[in-house]
Amino acid sequence: MSTLEELYRTLLKSAVTGNGVPDLEGADPGELDCLLHPEAHPPVWRTGRCTCGEGEAPCAAACLFDAIVRDEKGELTVDPDRCAGCAACIAACRSGRLTASRDVLPALDALKHAAGPAYALIAPAFLGQFSAEVTPGRLRSAFKALGFSGMVEVALFADVLTLKEALEFDRNVCTEADFQLTSCCCPLWIAMIRKVYHQLMPHVPGAVSPMIAAGRTVKHLHPDALTVFVGPCLAKKAEAREPDLRGAVDYVLTFQEMQDIFDAAGMDPAAMEEAERDHSSRAGRIYARTGGVSEAVRATVERLRPDRSIQVRTRQADGVPACRAMMEELRKGERSANFFEGMGCVGGCVGGPRAVLDRETGRKNVDRYGQAAEYPTPLDNPYVLELLRRLGFETVDAFLEESDLFLRRF
């Protein structure tokens with residue numbers, strides 16, 4: 001077995017079909033451990049020896065978080081405590097020795113042996129990722145055919161976080177000098193602020209991402225549930241492991257990993273039966289593309305307080321260089337807005353490094369799905385209001401301050 005890819009495909013086929021233990025003779029022990037125990041390794045794996053020699057390698061130069069370091073032998077390695085999963089190093093690596101981690105094998109094993117219900121948490125960027133014919137209802141049926149109890153659209157929890165950010169804006173941005181940085185959605189954006197631009201943290205309201213909110217809510221309602229997030233983002237793997245967030249989401253799979261599972265199982269989601277059940281509003285669905293968070297929060301604030309004297313003025317940046325430029329301006333006191341949205345990938349989540357579609361097609365699909373929503377904002381969405389009541393939130397103050405489900409104390 002000469003390559004990591006061959007080893008991965010062999011183990012995946014065995015895990016899906018259940019046709020016994022494959023012959024692993026010749027498999028690299030390190031690569032095998034990565035595939036079987038990805039939680040013990042960073043979101044980016046080094047395969048084989050780096051050929052860049054001494055000095056700063058391109059992968060290290062590309063990493064904003066200084067996660068590419070030399071070990072005691074002088075070999076380049078990935079620091080798991082620093083790696084945010086941005087994948088910039090993979091793109092910069094000349095020797096092809098860096099690759100994205102894969103959680104497929106332990107996730108499938110956990111699904112097979114789950115003691116309670118198992119839920120697939122699907123990211124808002126999902127529409128069209130598994131072919132244009134794969135509707136939300138057919139995808140829900142495909143997950144059930146694999147053994148999941150159901151599929152949860154994370155867009156519903158983007159609705160919940162939109163409402164929280166709108167309420168935070170209404171409470172905190174009261175003068176022309178005030179401004180807010182969006183705190184949810186993109187883990188790279190938050191990592192950049194926390195690790196590089198920490199002086200801006202007072203402008204970030206405490207909130208978890210929609211992924212974490214979904215996982216925590218499912219486990220609150222079903223304590224023995226297994227939660228598996230599926231999306232376009234490698235950085236979500238790092239986010240799920242952060243000490244204050246760990247446990248909400250058991251496994252993170254990318255769209256590419258999910259497609260690998262469908263292929264290994266010989267399953268075509270487009271051929272599945274419809275099992276439609278939409279709960280999200282347009283506001284939550286458009287989180288997956290640049291400007292979606294800003295647009296959602298602005299629309300919700302206007303719906304919440306149409307007579308507000310200070311309206312939401314937004315600015316967006318996508319891609320790490322553009323985010324850094326925007327935050328440098330903020331650090332210098334240069335502002336032309338009062339609500340700032342950053343997305344680590346160009347185009348937003350639809351431009352994630354492990355999406356299947358190109359980002360322009362992904363953006364069009366997201367906008368189309370948003371237009372098809374029955375409700376424009378979370379304030380109009382009865383499912384959001386019913387969910388909050390079910391979780392025990394009777395007042396706005398309780399929703400903003402008293403929830404360990406949605407609150408993050410940076």
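Limited to segment 247-275, what total is found for residues that are under 17 Å from A125 (Cα atoms) and either among the basic types (K, R) or in a loop (DSSP other than H, G, I, E, B) (or both)?
0
Pairs, please: C-beta under 7 Å, at least 6 apart or cross-chain, first residue in contact (Cβ under 8 Å) with a residue 60 or more places away in the chain and under 22 Å from G351 (Cα atoms) and in segment 241-259, second part of a loop (DSSP other than H, G, I, E, B) and among the polar types (S, T, N, Q)?
What qualifies is F255/Q129.
Out of everything in segment 20-30 that is farther than 26 Å from G266 by Cβ and of a type in the set (D, E), what residue ends up being surrounded by the most Cβ atoms within 10 Å (Cβ to Cβ)? Talk me through it step by step, then tell me what you get.
If we filter segment 20-30 for residues that are farther than 26 Å from G266 by Cβ, which is where we start, we get 25-26, 28-30.
Those left that are additionally of a type in the set (D, E): 25, 28.
Details: E25: 6, D28: 16.
Taking the candidates together, the pick is D28.
When segment 234-252 is examined, which residues are found to be among the small types (G, A, S), open to solvent by 10 Å² or more (accessible area, probe 1.4 Å) and closer than 22 Å to G128 by Cα?
none
Restricting attention to segment 73-98, report how many residues are open to solvent by 30 Å² or more (accessible area, probe 1.4 Å), among the β-branched types (V, I, T) and modelled with pLDDT of 90 or more.
The number of residues fulfilling the criteria is 1.
Taking into account only those residues within segment 194-233 that are open to solvent by 10 Å² or more (accessible area, probe 1.4 Å) and β-branched (V, I, T), which is farthest from F179 (Cα to Cα)?
Checked segment 194-233; the qualifying residue farthest from F179 (Cα to Cα) is V218.
From the list A373, A398, A337, exactly one residue is free of Cβ contacts under 8 Å to residues at least 24 places away in the same chain, outside any strand (DSSP E or B), within 27 Å of P306 (Cβ to Cβ) and among the aliphatic types (A, V, I, L, M). Which is it?
Values: A373 fails: free of Cβ contacts under 8 Å to residues at least 24 places away in the same chain; A337 fails: free of Cβ contacts under 8 Å to residues at least 24 places away in the same chain.
Being free of Cβ contacts under 8 Å to residues at least 24 places away in the same chain, outside any strand (DSSP E or B), within 27 Å of P306 (Cβ to Cβ) and among the aliphatic types (A, V, I, L, M) holds for just one of A373, A398, A337, which is A398.
Working carefully through the options A118, A155, A110, A123, find the one that is within 20 Å of A225 (Cβ to Cβ), open to solvent by less than 10 Å² (accessible area, probe 1.4 Å) and at pLDDT 95 or above.
Working: A155 fails: at pLDDT 95 or above; A110 fails: open to solvent by less than 10 Å² (accessible area, probe 1.4 Å); A123 fails: at pLDDT 95 or above.
Exactly one of A118, A155, A110, A123 is within 20 Å of A225 (Cβ to Cβ), open to solvent by less than 10 Å² (accessible area, probe 1.4 Å) and at pLDDT 95 or above, namely A118.
Looking only at segment 315-326, which residues are under 19 Å from V297 (Cβ atoms) and either in contact (Cβ under 8 Å) with a residue 24 or more places away in the chain or assigned to a loop (DSSP other than H, G, I, E, B) (or both)?
Just the residues of segment 315-326 that are under 19 Å from V297 (Cβ atoms), to begin with: 315-318, 323, 326.
Scanning segment 315-326 gives R315, Q316, A317, D318, C323.
Looking at segment 53-90 only, could you name the residues that are in contact (Cβ under 8 Å) with a residue 12 or more places away in the chain and farther than 26 Å from G319 by Cα?
Within segment 53-90, E54, G74, E75 qualify.
Restricting attention to segment 173-193, which residues are more than 25 Å from T217 (Cβ to Cβ) and open to solvent by 10 Å² or more (accessible area, probe 1.4 Å)?
The answer is C174, T175, E176, A177, D178, F179.
What's the total number of residues in segment 276-291 that are open to solvent by less than 30 Å² (accessible area, probe 1.4 Å) and not in a helix (DSSP H, G or I)? It would help to see each step written out before you state the result.
Of the residues in segment 276-291, the ones open to solvent by less than 30 Å² (accessible area, probe 1.4 Å) are 280-281, 283-289, 291.
With not in a helix (DSSP H, G or I) added as a condition, the list becomes 280-281, 289, 291.
Of the residues in segment 276-291, 4 are open to solvent by less than 30 Å² (accessible area, probe 1.4 Å) and not in a helix (DSSP H, G or I).
Of the conditions (1) in contact with an Asp or Glu (Cβ under 9 Å, 6 or more places away or on another chain); (2) free of Cβ contacts under 8 Å to residues at least 60 places away in the same chain, E329 fails just one. Which one is it?
The number of the failed condition is (1).
Evaluate the following for G347: is it open to solvent by less than 60 Å² (accessible area, probe 1.4 Å), in a helix (DSSP H, G or I) and touching a Gly at 6+ places or on another chain (Cβ under 9 Å)?
Working: open to solvent by less than 60 Å² (accessible area, probe 1.4 Å): yes; in a helix (DSSP H, G or I): no; touching a Gly at 6+ places or on another chain (Cβ under 9 Å): yes.
When the stated conditions are applied, G347 does not pass them.
State all residues of segment 59-71 that are more than 21 Å from C34 (Cα to Cα) and surrounded by fewer than 16 Cβ atoms within 10 Å (Cβ to Cβ); if no residue qualifies, say none.
A61, D66
Among the residues of segment 354-381, which ones are open to solvent by less than 60 Å² (accessible area, probe 1.4 Å) and under 22 Å from L167 (Cβ atoms)? First the steps, then the outcome.
Just the residues of segment 354-381 that are open to solvent by less than 60 Å² (accessible area, probe 1.4 Å), to begin with: 354-355, 357, 361-362, 365-367, 369-370, 373, 375, 377-381.
Those that are open to solvent by less than 60 Å² (accessible area, probe 1.4 Å) and under 22 Å from L167 (Cβ atoms): G370, A373, Y375, T377, P378, L379, D380, N381.
In segment 31-133, which strands (runs of 3 or more DSSP E) lie fully inside it and hold 3 or more residues that are closer than 30 Å to G291 by Cα?
Working: elements: 44-46, 68-70, 76-78, 98-100, 118-122.
Filter on segment 31-133 gives 118-122.
Given the condition over 30 Å from F148 (Cβ atoms) and either touching a Leu at 6+ places or on another chain (Cβ under 8 Å) or open to solvent by 20 Å² or more (accessible area, probe 1.4 Å) (or both), answer yes or no: does some residue in segment 3-19 qualify? Reasoning before the result, please.
Going through segment 3-19, the residues over 30 Å from F148 (Cβ atoms) turn out to be 3.
Filter once more, keeping what is either touching a Leu at 6+ places or on another chain (Cβ under 8 Å) or open to solvent by 20 Å² or more (accessible area, probe 1.4 Å) (or both): 3.
Yes, segment 3-19 contains at least one residue that is over 30 Å from F148 (Cβ atoms) and either touching a Leu at 6+ places or on another chain (Cβ under 8 Å) or open to solvent by 20 Å² or more (accessible area, probe 1.4 Å) (or both).
State which residue is nearest to L330 (Cα to Cα) when the search covers only segment 294-317 and only residues that are in contact with a Phe, Trp or Tyr (Cβ under 6 Å, 6 or more places away or on another chain) and open to solvent by 40 Å² or more (accessible area, probe 1.4 Å).
Selected residue: R315.
If you go through segment 167-226 one residue at a time, how many are under 17 Å from E341 (Cα atoms), in contact (Cβ under 8 Å) with a residue 60 or more places away in the chain and in a loop (DSSP other than H, G, I, E, B)?
Looking only at that region, the number is 14.
Looking at (1) at pLDDT below 85; (2) exposed (fewer than 15 other Cβ atoms within 10 Å of the Cβ), which is the one condition that is false for C52?
For C52, the exception is condition (2).
The values are calculated or read from the model by the stated rules, or taken from the named source; none is laboratory data. Because the structure is a prediction, the values reported are computed rather than measured. Every residue, glycine as well, gets a Cβ built from its backbone with ideal geometry; the counts of neighbours run over all protein chains shown. The accessibility values were calculated without ligands, DNA or RNA, using every heavy atom of the protein model including side chains. Shrake-Rupley method; radii C 1.70, N 1.55, O 1.52, S 1.80 Å.
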